[in-house]
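The values are calculated or read from the model by the stated rules, or taken from the named source; none is laboratory data. Quantities reported herein were computed from a predicted structural model and do not represent experimental measurements. Note: ideal-geometry Cβ built from the backbone for every residue, glycine included; neighbour counts use all protein chains shown. Quick note on the areas: whole protein, heavy atoms, side chains included, nothing else; ligands and nucleic acids left out. Shrake-Rupley method; radii C 1.70, N 1.55, O 1.52, S 1.80 Å.
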Amino acid sequence: MNYDEIFDKAIDRLHAEGRYRVFIDILRNKGKFPNARCFAGHNGPKPITVWCSNDYLCMGQHPKVISAMEEALHDVGAGSGGTRNIGGNTHYHVELEAELASLHGKGAALLFTSGYVSNEATLATLAKILPGCIIYSDELNHASMIAGIRNSGCEKRVWRHNDLAHLEELLANDDPALPKLIAFESVYSMDGDIAPIAAICDLADKYNAITYCDEVHAVGMYGDHGGGITERDEVADRVTIIEGTLGKAFGVMGGYIAADQKIVDVIRSYAPGFIFTTSLSPVLVAGVLASVRHLKQSSEERIAQQANAARLKQLFAEAGLPVMQSVTHIVPLMVGDPVKAKKISDTLLAEYGAYVQPINFPTVPRGTERLRFTPGPQHTEEMMQELTQALVEIWDRMELKLAEAA
């Protein structure tokens, strides 16, 4: 058995398909983001503008967040000391869980080390606890949700994206006596569309199902207090479990669920992904706590971000660039070819100092490869104009077709 040959072939396949991932080597400029320094392929750091960060509101740069983290570091040190059960249950963790429960109007919340872990651990555990559970999963759900459903070992049904008729058809065909869980996202981050949450809850009520809503691309971003689409649409009380991240709009790291006390206690007590891992550093938790509290009171960042997203969509459309229709802060630009998407990304970085990652299979279906822009509140009109012009020049150079100017 030639192990090296097998590994080489696996990597070669990715290169041949244009799907080999290259991680950028950068440092963000504190207080000046989206400006950053790129170290890859240069004699010294090259100034760049970041266009694909999930730190949507630049809260990772906010003075309140940095100050809270510095204070915690000097107060309690760096690490948490272990799992929540042994030594890692600090007062910061307790305070943040109470704040997140309040944000979503739930009885309790539970912190995880990442949004991926919170999805995987919660979905896998729930389905194992509920005898004979069937999970109904939107076909565009995130890989972490798919992993949790798979690891649960339960029956699953995949319903066409946001297709309520198909979801009801699947629900109606199954035994009414069996437990049912409908899993979906609020904002789908690759297309930028939104789930019909109220209508999904109507079906859940009709067929006696519980609901699980992944709000990772919406918490902090929508609602008067940053509670996500469920807050904006006034349906948070109808969703059984809301899951979110602390590493996107809140700007730090971690994941969580919010639900009633009983469900949270079950996950806390049974989920291996929670029980057997070191808890988040109190330094990180202190930063998130400051971020959540700030965004509960301030809509300034949300308003500026939405305005910039709308403006960038407008500029792309006016230039004839193939911007996809999106009702959210996500600005996807369709390319449809993995090699070309990578080439555009590389050219933007090397020649124009603009960084955006190509999005390829399996994140999106083959043939729908794209660039995904996430303009934040600190991107300027000049930056957006320069980016648009750069893309038009690259489109022309690569002989890609522009649409009629909008």
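S80 meets the stated requirement of being hydroxyl-bearing (S, T, Y) and farther than 30 Å from K342 by Cβ.
Mind telling me which of the residues D214, D193 ends up being within 22 Å of L123 (Cα to Cα) and touching a residue at least 12 places away in the same chain (Cβ under 8 Å)? Residue meeting the stated conditions: D214. Scanning the stretch 239-293 for residues that are of a type in the set (S, T, Y), open to solvent by 30 Å² or more (accessible area, probe 1.4 Å) and either assigned to a helix (DSSP H, G or I) or at positive phi (or both) gives S269, Y270. The residues of the stretch 11-30 that are open to solvent by 60 Å² or more (accessible area, probe 1.4 Å) and either assigned to a helix (DSSP H, G or I) or at pLDDT 90 or above (or both), listed by number, are I11, D12, R13, H15, A16, F23, D25, L27, R28, K30. Please determine whether any residue of the stretch 339-347 is within 26 Å of L246 (Cα to Cα), touching a helix residue (DSSP H, G or I) at 6+ places or on another chain (Cβ under 9 Å) and touching a residue at least 12 places away in the same chain (Cβ under 8 Å). No, the stretch 339-347 contains no residue that is within 26 Å of L246 (Cα to Cα), touching a helix residue (DSSP H, G or I) at 6+ places or on another chain (Cβ under 9 Å) and touching a residue at least 12 places away in the same chain (Cβ under 8 Å).
Under the condition of being open to solvent by 80 Å² or more (accessible area, probe 1.4 Å), at pLDDT 95 or above and either closer than 21 Å to K342 by Cβ or assigned to a helix (DSSP H, G or I) (or both), the residues counted in the stretch 360-386 number 3. The helices (runs of 4 or more DSSP H) located wholly in the stretch 34-144 that include 3 or more residues which are open to solvent by less than 40 Å² (accessible area, probe 1.4 Å) and touching a strand residue (DSSP E or B) at 6+ places or on another chain (Cβ under 6 Å) occupy 91-104, 115-129. Which ones in the stretch 146-167 are open to solvent by 40 Å² or more (accessible area, probe 1.4 Å), hydrophobic (A, V, I, L, M, F, W, C) and not in a helix (DSSP H, G or I)? Within the stretch 146-167, just V158 meets the criteria. The single residue among Q357, Q389 that is open to solvent by 50 Å² or more (accessible area, probe 1.4 Å) and over 18 Å from the mean Cα position of the chain (by Cα) turns out to be Q389.
Just one residue in the set A199, A304 is surrounded by fewer than 23 Cβ atoms within 10 Å (Cβ to Cβ) and closer than 26 Å to P176 by Cα; that residue is A199.
Filtered by the rule that a residue be of a type in the set (A, V, I, L, M, F, W, C) and more than 21 Å from I66 (Cβ to Cβ), the stretch 257-299 gives I257, A258, A259, I263, V264, V266, I267, A271, F274, I275, F276. Pairs meeting the criteria (first residue in the stretch 317-337 and closer than 17 Å to G376 by Cβ, second residue modelled with pLDDT under 95 and of a type in the set (G, A, S), beta carbons under 8 Å, at least 6 apart or on different chains) are S326/G192; T328/G192; H329/G192; I330/S189; I330/G192; V331/G192; P332/G192; P332/S326. Against the criterion of being assigned to a helix (DSSP H, G or I) and under 24 Å from G273 (Cα atoms), A183 does not qualify.
Scanning the stretch 387-404 for residues that are at pLDDT 95 or above and small (G, A, S) returns a single hit, A390. Kindly evaluate A310 against the criterion of being under 22 Å from the mean Cα position of the chain (by Cα) and open to solvent by less than 30 Å² (accessible area, probe 1.4 Å). It is false that A310 is under 22 Å from the mean Cα position of the chain (by Cα) and open to solvent by less than 30 Å² (accessible area, probe 1.4 Å).
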